[in-house]
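Enquirer: Structure incoming, see below.
The values are calculated or read from the model by the stated rules, or taken from the named source; none is laboratory data. Model, not experiment: these values are computed from the prediction. Ideal geometry is used to build each Cβ from the backbone, glycine not excepted, and the neighbour counts take in all protein chains shown. To get the accessible areas, we keep the full protein, side chains included, count just its heavy atoms, and leave off ligands, DNA and RNA. Shrake-Rupley method; radii C 1.70, N 1.55, O 1.52, S 1.80 Å.
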Amino acid sequence: MIQMLTPEGERVSSGEYDVFAAELTTEDLFAFYRDMVLVRRVDAEGNALQRQGQLGLWAPLLGQEAAQIGLGRALRKQDFVFPTYREHGLAWTRGIDPTELLGMFRGQTHGGWDPQANRFHTYTIVIGSQVLHATGYAMGIQMDGDVGTGDADRDAIAVACFGDGASSQGDVSEGLTFAGAFNAPVLFYCQNNQWAISEPTNVQTPVPLNQRGRGFGVPGIRVDGNDVLATYAVARASADSIRAGNGPLLIEAFTYRMGAHTTADDPTKYRSDAETEAWAAKDPILRLRRHLEKQGIAEGEFAAVDTEADEMAARIRAACVAMEPPAPEAMWKHVYAEPHALVDEERDAYLAYLASFEGAEETV
């Protein structure tokens, strides 16, 4: 397993990946720290808002911040990410405002952002289906000739995000099959947080998840998913290789879900306090903070990030509570890119139906 920062914040060598870490300054690492702190605060607000009845559901990210920030900051603007429903950190790196995420879990939108503008697809609830979408998109990149040209502003990849549980789904196997057979420029990114809802990884597979791509012709690597420096370096190296036309790769980010699977879950029913306490000692934010302190970052700079997090939390909370339900006709707005007669007919019929109730209360 590739690691560059120990839980104590000590820098260790990782061989071929050190060259990518060497590109980063202390300021870059502090920016990673800021990313993780702000994303964790978004996650905390999501949990609180759901408990207060403001959201229908929330999928906690706690513990997986480094796995997502490291990947997100390693990508280029033209790369296209296909997320699950827990990629709040990746969404942050792709420019998605947290209020968009809250609006979706509040039921106000079916996504809320333009996937093409952010190169970040809408969240996917059906387990594993986004892996097929990413693979198909990657094959399209290949057909367009946007891979292996050597042009840093043109060459692109697709990123298929999925969890350890999804790795057992047929859709993931099919995605790996097509990617391997067609040499598609796709990065399979598995965040192994140890638990597929209530089932541990060891009941799914007897081998490490990074080996699951081998039979499909997709080499894999395991990285410490609680080490943002290592995840960045491994993602950078892998993405560069794929963009150069060397074929698909699989990264297993070995991490841990500190919270519940979703706010509808109770993890105390299936895992021990001792296990979560052991992983708490490997906290990705605390690990990077310890390293930054050794690099001379002052307490005041950390405090400034905490203040920024408080201000952001107040903003997104107020925005969430103030959200108005969307107009009924909005559900037809983005069905097709161009006008469609049948959709227009269905919209007009439904709006006429709603209009038939106007004034009914006065009549009664």
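Enquirer: For 315, 106, give me the order by solvent-accessible area with a 1.4 Å probe, most accessible first, ignoring ligands, DNA and RNA.
Expert: Descending accessible area places them as 315, 106.
Enquirer: Search the structure for amide H atoms under 5 Å from the amide H of residue 2, placed 1.01 Å from N in the peptide plane, and list their residues when 5 or more places away or on another chain.
Expert: 222, 223, 224
Enquirer: Among 191-198, 167-174, how do they line up by average Cβ neighbours within 10 Å per residue, starting with the highest?
Expert: 191-198, 167-174
Enquirer: Return one number: the angle in degrees, 0 to 90 and rounded to the nearest 10, between the long axis of the Cα atoms of helix 284-294 and the longest principal axis of the Cα atoms of the chain.
Expert: That works out to roughly 50 degrees.
Enquirer: Between residue 6 and residue 302, take the C-beta separation as r, use R0 = 25 Å, and let me know the FRET efficiency to the nearest 0.05. Write down the numbers at each step before the final one.
Expert: Numbers: r = 20 Å, r/R0 = 0.79.
E between residue 6 and residue 302, to the nearest 0.05, is 0.80.
Enquirer: So which lysines pass the test for residue 77, namely a Cα distance under 30 Å, with those fewer than 8 places away in the same chain ruled out?
Expert: 333
Enquirer: With both partners inside the chain, how many of the DSSP beta bridges are antiparallel, as a percent to the nearest 5?
Expert: Roughly 10 percent of the DSSP beta bridges within the chain come out antiparallel.
Enquirer: Can you give me the angle between helix 341-355 and the longest principal axis of the chain, using Cα atoms only, in degrees from 0 to 90, rounded to the nearest 10?
Expert: Between helix and principal axis, roughly 60 degrees.
Enquirer: Using helices alone, what [θ] at 222 nm do you get for the chain, with -39,500 (n - 2.57) per DSSP H run of 4 or more residues, divided over all residues and rounded to the nearest 500?
Expert: -14000 deg cm²/dmol
Enquirer: Residue 23: accessible area at probe 1.4 Å, nearest 10 Å²?
Expert: About 100 Å², rounded to the nearest 10.
Enquirer: Assign one of three labels to region 15-321, namely rounded, prolate or oblate, based on the Cα gyration tensor with a ≥ b ≥ c the square roots of its eigenvalues; rounded applies when a/c is under 1.5, prolate when it is not and a/b is larger than b/c, and oblate otherwise.
Expert: Taking the square roots of the gyration eigenvalues as a ≥ b ≥ c, region 15-321 is rounded.
Enquirer: In sequence order, what are the phi-derived ³J(HN,Hα) couplings for region 258-268 according to the Karplus relation 6.51 cos²θ - 1.76 cosθ + 1.60 with θ = phi - 60°, rounded to whole Hz, with x for glycine and proline?
Expert: 6, x, 7, 4, 9, 5, 8, 10, 10, x, 5
Enquirer: Could you order 342, 249, 5 by accessible surface area, starting with the largest, using a probe radius of 1.4 Å?
Expert: 342, 249, 5
Enquirer: Could you tally the net charge around residue 141, taking each other residue with its Cβ under 11 Å from the Cβ of residue 141, Lys/Arg +1 and Asp/Glu -1? Don't skip to the answer; put the middle values down first.
Expert: Details: positive: 154, 243; negative: 79, 144, 146, 155.
Taking every Cβ under 11 Å from that of residue 141, the sum is -2.
Enquirer: For Cα pairs less than 8 Å apart in space and 6+ apart in sequence, what is the mean separation divided by the residue count of region 163-288, i.e. the relative contact order in percent?
Expert: Rounded, it is 31 percent for region 163-288.
Enquirer: So, one more: What order do 87, 346, 299, 275 take when sorted by accessible area (1.4 Å probe), most exposed first? Can you show the working numbers first?
Expert: Details: 87 5, 346 90, 299 115, 275 55 Å².
Putting 87, 346, 299, 275 in descending order of accessible area: 299, 346, 275, 87.
Enquirer: Cut-off 10 angstrom, C-alpha nodes, Gaussian network model of the chain. Which of 329, 311, 252 fluctuates the most?
Expert: Taking springs between Cα atoms under 10 Å, the residue moving most is 329.
Enquirer: Could you compute how much accessible surface residue 353 exposes when probed at 1.4 Å, giving the result in Å² to the nearest 10?
Expert: Here the residue's solvent-accessible area equals roughly 130 Å².
Enquirer: Students often forget the sequence filter, so: which lysines lie under 26 Å Cα-Cα from residue 282 once same-chain residues fewer than 8 apart are removed?
Expert: Partners within reach: 269, 294.
Enquirer: On the full set of protein chains, 1.4 Å probe, figure out the accessible area of residue 20 and give it in Å² to the nearest 10.
Expert: Surface open to solvent at residue 20 totals about 40 Å².
Enquirer: Next up: Rounded to the nearest 10 degrees, what's the angle between the helix 26-51 long axis and the longest principal axis of the chain, both from Cα atoms, 0 to 90?
Expert: 40 degrees
Enquirer: Does region 282-364 classify as rounded, prolate or oblate by the C-alpha gyration tensor (a ≥ b ≥ c root eigenvalues; a/c under 1.5 gives rounded; else a/b over b/c gives prolate, otherwise oblate)?
Expert: Judged from the Cα gyration tensor, region 282-364 comes out prolate (a/c at least 1.5, a/b above b/c).
Enquirer: I've got another one for you. With a 10 Å cut-off between alpha carbons and a GNM built on the chain, which of 59, 349, 134 moves the most?
Expert: 349
Enquirer: Between beta-carbons, use under 14 Å as the cut-off and find the net charge around residue 1, counting Lys and Arg +1, Asp and Glu -1.
Expert: Values: positive: 222, 282; negative: 224, 227, 252.
Here the charged neighbours net out to -1.
Enquirer: Note down the nm distance, to one decimal, between modelled labels 7 Å out along Cα→Cβ at residue 205 and at residue 322.
Expert: 4.6 nm
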